[in-house]
Amino acid sequence: MPVSTTPDQVDAPRVVQAPKFPEFVAMMASLMALTALSIDIMLPALPLIRDSYGVVDANAQQLVITLYMVGFGVGQLFYGTLSDRFGRKVVLGAGLAVYAAAAMICLVAPSFEVLLAARLLQGMSNAAPRVVAVAVVRDLYGGRRMAEVMSFVMTVFIVVPALAPALGSAILLFGDWHEIFLFLGLVALAILFWTGVRLPETRPRELREPLSLAWIAGAFGQIVRTRVTLGYTLATGVAFGGMMAYINSAEQVYNEVYAAGGLFTLLFALVALAMAGAAITNSRLVARLGMRKIGHTALIAYALVGGVHMALEMLPGTLALPVFMGMMMLQLYCFGLIMPNFNAISMEPQGRIAGTASSFVGAATTGIAAFLGWLVGQSYDGTALPLAAGYFIFGAASLVMVLIVERGRLWGTSAG
């Protein structure tokens, strides 16, 4: 449970009459999972969307994902500061409402360009639930306990990307891709009602800062001057690039390289469940081993697996499907240990400005990952080699960044 604090101890967690722990975890997971749902439920529909608008370039279908992620990254820059000033709930409610409206625009979009613009708006508005969810968790918990709570959230959250493509395929059995956007809008409205009724305000008025350029500049200045926050944010974003490359390329790799056809959603779900296993592992071990021991070890393994996979893809012939899936499961398992721990490490020094810090961390990691994932996706050449190379390069680069932040000492306490 959160611990008590006096009003001046603003870096510490505070007591708030929040829902009971299982409901709280489910609520935070729902807020964060809306992003995964918005991406992965679209995967089976991408070729249909491309064909319905007469788009010639096959790789152009990836823009439905990429522009959403661009909007999601940019939007996160603003919502944290706004939630620090006006409170968590009003910002959350506005974001969910605009998201639902953007889904309806996608539903009736007369052209591919309008649909892409609406997806950009969807991403920007859905940044609010993600930022607010992390800020609320930081409002109530700190340190290893925050990492533990985030692992429970991730355990529930991971079920969504595992099942979302199958859900998208199920919707397509009874309608076309338009109904997917209708479903997304209804989900957003349901979450809006749930949080409006059950989630308390975790940012009390006495802690809200006036919204001024000086305060915003000071807050972001504090963030970028904090070695741990900046370094781990950049490292997370680069490692996340591998995950985004996989999401961008998955439909083409499974269907074109391995001719998976109707099995695509099942194969995607099996691989995604590896992250659920990682979240469960982390929730059980992080209090005992600590965020750095788990995160650093996972990052080393992430880079090594990427290197092995890249070497295998360079051999003559196509890698067997079970081997490819095994490589992907190992990558996602490692990433599932990296992200919650690195996020918690990044946020730990920023309790006074949790919302703004959540904005910065989320925007930077998402923006970096979206760009790197797009680069790999556009490099798709009919093989899985660009994807494997991306995992290796991004993992190695992320490890170098962590070594710089920790001054060459892994598994310990940061000097910065």
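The values are calculated or read from the model by the stated rules, or taken from the named source; none is laboratory data. Just so you know, these numbers come straight off a predicted model, no measurement behind them. Cβ coordinates were reconstructed from backbone atoms using ideal geometry, including for glycine residues, and neighbour counts include every protein chain displayed.
Within segment 230-258, residues that are over 14 Å from GLY306 (Cα atoms) sit with their Cβ atoms under 8 Å from residues that are in a helix (DSSP H, G or I) and acidic (Asp, Glu), at 6+ positions apart or across chains, in these pairs: ILE247/ASP40.
State yes or no: is GLY412 among the small types (Gly, Ala, Ser), without any contact (Cβ under 8 Å) to a residue 60 or more places away in the chain, in a loop (DSSP other than H, G, I, E, B) and surrounded by fewer than 20 Cβ atoms within 10 Å (Cβ to Cβ)?
Details: among the small types (Gly, Ala, Ser): yes; without any contact (Cβ under 8 Å) to a residue 60 or more places away in the chain: no; in a loop (DSSP other than H, G, I, E, B): yes; surrounded by fewer than 20 Cβ atoms within 10 Å (Cβ to Cβ): yes.
Taking the combined requirement at face value, the residue does not satisfy it.
Determine whether ALA190 is in a helix (DSSP H, G or I), without any contact (Cβ under 8 Å) to a residue 12 or more places away in the chain and loosely packed, with under 13 Cβ neighbours inside 10 Å. No: the conditions fail for ALA190. Restricting attention to segment 76-122, the residues being outside any helix (DSSP H, G or I) and under 29 Å from LEU211 (Cα atoms) number 1. Scanning segment 93-108 for residues that are in contact (Cβ under 8 Å) with a residue 12 or more places away in the chain and either on the phi > 0 side of the Ramachandran plot or within 15 Å of the chain's Cα centre (by Cα) (or both) turns up nothing.
Which of the residues spanning segment 20-53 are surrounded by fewer than 20 Cβ atoms within 10 Å (Cβ to Cβ), part of a helix (DSSP H, G or I) and not hydrophobic (A, V, I, L, M, F, W, C)? If the condition is that a residue be surrounded by fewer than 20 Cβ atoms within 10 Å (Cβ to Cβ), part of a helix (DSSP H, G or I) and not hydrophobic (A, V, I, L, M, F, W, C), then PRO22, GLU23, PRO47, ASP51, SER52 are the ones that fit. Among all positions in segment 134-154, there is no residue which is farther than 30 Å from ILE404 by Cα and of a type outside the set (A, V, I, L, M, F, W, C).
Restricting attention to segment 281-305 and to residues that are more than 20 Å from the chain's Cα centre (by Cα) and among the small types (Gly, Ala, Ser), the residue that is nearest to SER398 (Cα to Cα) turns out to be ALA301.
Scanning segment 193-218 for residues that are outside any helix (DSSP H, G or I) and in contact (Cβ under 8 Å) with a residue 40 or more places away in the chain turns up LEU199, PRO200, GLU201, THR202, ARG203, PRO204, ARG208, GLU209, PRO210, LEU211. For first residues located in segment 131-142 and more than 12 Å from GLY351 (Cβ to Cβ), partners that are crowded, with 24+ Cβ neighbours inside 10 Å and among the basic types (Lys, Arg) and lie 6+ apart or on another chain with Cβ distances below 8 Å form the pairs VAL132/ARG88; VAL136/ARG88.
Within segment 309-329, is there a residue that is among the polar types (S, T, N, Q), in contact (Cβ under 8 Å) with a residue 60 or more places away in the chain and in a helix (DSSP H, G or I)? Checked segment 309-329: no residue is among the polar types (S, T, N, Q), in contact (Cβ under 8 Å) with a residue 60 or more places away in the chain and in a helix (DSSP H, G or I).
Whether any residue in segment 147-162 is at pLDDT 85 or above and either on the phi > 0 side of the Ramachandran plot or crowded, with 21+ Cβ neighbours inside 10 Å (or both) is what I want to check. No, the conditions are met nowhere in segment 147-162. Put simply, of GLY123, GLY93, GLY73, GLY87 the only residue that is surrounded by fewer than 24 Cβ atoms within 10 Å (Cβ to Cβ) and under 20 Å from PHE371 (Cβ atoms) is GLY73.
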